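The values are calculated or read from the model by the stated rules, or taken from the named source; none is laboratory data. Keep in mind it's a predicted model, so treat the numbers as computed, not measured. With ideal geometry, Cβ positions are generated from the backbone for all residues, glycine too; neighbour counts draw on all protein chains shown.
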């Protein structure tokens, strides 16, 4: 009843003052929302994109499986050719590609969220410090084949190279494709020495436990930048199924760096406790 009375009162007021209503300026029509506007607002408020966390968590699971099998071979409990077997080489390539593509996507999300230069360099510094720790730790266990340019080293350097291009998806895509093609097709003996091998273009794989040179792998980060823009434009429509992923999977994705740093000592330690050798 109250609402009906209010409507009647408004209608009567409208009939008594038609001239005033006619003089009212038309309401401004709101501009259509930009495709990225709502997403950027959420990112600016610190809301994580669960789909990316879930995808990173899935990559972590694959990495744990791969390294568990690698450690089992180290203890001579299984026979597997990680250096030449097509299955294991392909499995590793899938894992590395997944991580690096997500690095590029994350750069776009960070840029949309307004990541400051100080925070960017802080992130790069943390990754670089973890890369150094991985080198030191691997040297203690594998002094002849320690990691001197693995995936963390590549992520740190490639992030610096890709950051200026996070707003230029087509340029990032073009350069990324060129880096991948050059890294897969160009091989020069001069790059076989350790001082240059981290760039890529080697004729043989150096004796190291993890090797992720800039060519071709930095190309995956640049392609990830273009992928991030594509995802933003589609409002993550193709990734919505990952939003409902289990919480433990997104948790793994949010803590991927910590898990990467501790998982090998934990796996090797458990095997040492169980088998004592």
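Of all the listed residues (182, 187, 178, 195), the sole one being free of Cβ contacts under 8 Å to residues at least 12 places away in the same chain and surrounded by fewer than 21 Cβ atoms within 10 Å (Cβ to Cβ) is 195.
Residues being part of a helix (DSSP H, G or I) and either surrounded by 14 or more Cβ atoms within 10 Å (Cβ to Cβ) or out of contact with any helix residue (DSSP H, G or I) (no Cβ under 9 Å at 6 or more places or on another chain) (or both) are represented in region 145-152 by at least one member.
With the condition kept exactly as written, say whether any residue in region 87-106 is at pLDDT 95 or above, over 24 Å from residue 218 (Cβ atoms) and surrounded by fewer than 15 Cβ atoms within 10 Å (Cβ to Cβ). Checked region 87-106: at least one residue is at pLDDT 95 or above, over 24 Å from residue 218 (Cβ atoms) and surrounded by fewer than 15 Cβ atoms within 10 Å (Cβ to Cβ). Filtered by the rule that a residue be surrounded by 12 or more Cβ atoms within 10 Å (Cβ to Cβ) and not in a helix (DSSP H, G or I), region 114-142 gives 115, 142.
Tell me whether region 126-140 contains one or more residues that are over 23 Å from residue 63 (Cβ atoms) and either modelled with pLDDT under 95 or touching a helix residue (DSSP H, G or I) at 6+ places or on another chain (Cβ under 8 Å) (or both). No, region 126-140 contains no residue that is over 23 Å from residue 63 (Cβ atoms) and either modelled with pLDDT under 95 or touching a helix residue (DSSP H, G or I) at 6+ places or on another chain (Cβ under 8 Å) (or both).
Among the residues of region 72-86, which ones are over 19 Å from residue 217 (Cα atoms) and in contact (Cβ under 8 Å) with a residue 60 or more places away in the chain? Answer for region 72-86, where residues must be over 19 Å from residue 217 (Cα atoms) and in contact (Cβ under 8 Å) with a residue 60 or more places away in the chain: 72, 74, 75, 77.
Summed over region 207-231, the residues that are in contact with a helix residue (DSSP H, G or I) (Cβ under 6 Å, 6 or more places away or on another chain) and not in a loop (DSSP other than H, G, I, E, B) give a count of 15.
Residues that are crowded, with 20+ Cβ neighbours inside 10 Å and more than 19 Å from residue 142 (Cα to Cα) within region 198-208 comprise 200, 201, 202, listed in sequence order.
Looking only at residues in region 55-71 that are more than 14 Å from the chain's Cα centre (by Cα) and in contact (Cβ under 8 Å) with a residue 60 or more places away in the chain, the one that is farthest from residue 246 (Cα to Cα) is 71.
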